[in-house]
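Novice: Handing you a structure now.
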Amino acid sequence: MLGKEERVIYEKLHYKTVEQYEIVVGEVNLIAQEIYENKQKLYHTILRCVNYYNLFRNTSDEISITIESTESSLKDFTFELQTLEKEIKKIDEKAIKSAAAVTGTGAVVGVLGANILMASATTFGVASTGTAISALSGAAATNAALAWLGGGALVAGGGGIGLGSLVVGLTGPIGWAVGGAGAYMIGKGTKKKNEKMTIEIKKKIDNILEEIKNLKRVTPEIILFRDELSEASSDINEQYAFLSKKIITIDYDLLDEIQRKALSNFVNATKLQAKLLNKRVKFSK
């Protein structure tokens with residue numbers, strides 16, 4: 001039977017595991033914020049290119065269709081950001097207090113800030129809960145809020161409640177707190193209580209270690225995504241600077257074949273880069 005000494009050992013191990021988790025989740029959130037910032041930069045870079053394209057007269061149907069596709073990607077990204085901002089506001093005190101009661105955290109938006117929530121949602125994916133979070137209460141509100149923060153339900157390719165808890169848990173693992181010294185004292189009375197508490201702590205440690213493993217598995221992918229976005233902006237800026245110097249007219253009919261080919265290639269490249277704005281990293285276990 002597990003006694004007080006074993007329980008104390010696992011208590012210390014739990015705190016060390018929490019510290020490891022906080023380091024890893026902090027790194028992931030930092031990369032997610034960088035991804036969010038890089039997406040915004042890429043958006044403005046592509047928007048400038050689209051405005052440049054639209055100055056041309058008499059462009060071919062192929063180029064016009066490609067530009068429309070690029071504009072559609074920009075609109076989708078803008079719409080998503082607007083939706084996220086609205087959803088953050090919809091997470092009212094009922095949902096936040098409910099989440100706090102279950103997870104042991106304070107107000108989500110207040111603790112993390114909207115930018116971190118936006119960064120996580122735009123990195124790992126977004127899916128509607130189907131019902132406004134503000135209209136829910138109790139466990140339903142908690143699960144809806146956490147699933148949204150995790151980028152939507154797992155079946156939709158998001159991180160689900162687990163990832164939402166992870167995001168909210170920037171300052172500590174969600175639902176994994178043992179409860180502090182006061183909770184540990186519960187097991188002081190009998191060996192049976194000590195054993196029960198020790199088993200509970202061991203389970204929490206295992207859960208934290210599993211989340212650490214999942215985070216470390218997804219970290220290389222989000223780093224690559226961050227760098228891909230940064231390189232995309234740089235490439236487009238270079239192409240834009242080169243093309244705007246080579247082409248001095250906005251009448252497509254006056255361009256020679258080399259200039260038309262260069263413009264067409266640039267338009268197609270911009271279309272492909274614009275798709276990165278709505279790309280997500282799947283957080284799967």
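Novice: Got a sec? What order do TYR15, TYR10, TYR43 fall in by accessible area at 1.4 Å, biggest, i.e. largest, first?
Specialist: Greatest to least solvent exposure: TYR15, TYR10, TYR43.
Novice: Given Cβ point charges of +1 (Lys, Arg) and -1 (Asp, Glu) and nothing else, what value in debye, to the nearest 20, does the dipole of segment 44-85 about its Cα centre take?
Specialist: Details: 3 positive and 7 negative charges, 48 e Å.
It comes to approximately 240 debye.
Novice: What aspartates and glutamates could a cross-link reach from LYS16, if we take a straight Cα to Cα line under 13 Å and drop same-chain neighbours fewer than 8 places away?
Specialist: Correct list for LYS16: ASP206.
Novice: Roll a 1.4 Å probe over the protein chains and send me the accessible area per residue for segment 215-262 in Å².
Specialist: For segment 215-262, the per-residue accessible area is 65 Å².
Novice: What pairs from LYS216/LYS275; LYS39/LYS245; LYS75/LYS261; LYS4/LYS216; LYS39/LYS202; LYS202/LYS279 go past 30 Å between their alpha carbons? Could the numbers behind the result be given before it?
Specialist: Numbers: LYS216/LYS275 26 Å; LYS39/LYS245 26 Å; LYS75/LYS261 27 Å; LYS4/LYS216 33 Å; LYS39/LYS202 40 Å; LYS202/LYS279 37 Å.
Result: LYS4/LYS216; LYS39/LYS202; LYS202/LYS279 exceed 30 Å.
Novice: While we're on this one: Which of the aspartates and glutamates could a cross-linker bridge to LYS204, judged by Cα under 13 Å and excluding same-chain residues fewer than eight apart?
Specialist: GLU11
The values are calculated or read from the model by the stated rules, or taken from the named source; none is laboratory data. As the structure is a computational prediction, the values presented were derived from the model and not from experiment. Note that each Cβ is placed from the backbone with ideal geometry, even for glycine, and that neighbours are counted across all protein chains shown. To get the accessible areas, we keep the full protein, side chains included, count just its heavy atoms, and leave off ligands, DNA and RNA. Shrake-Rupley method; radii C 1.70, N 1.55, O 1.52, S 1.80 Å.
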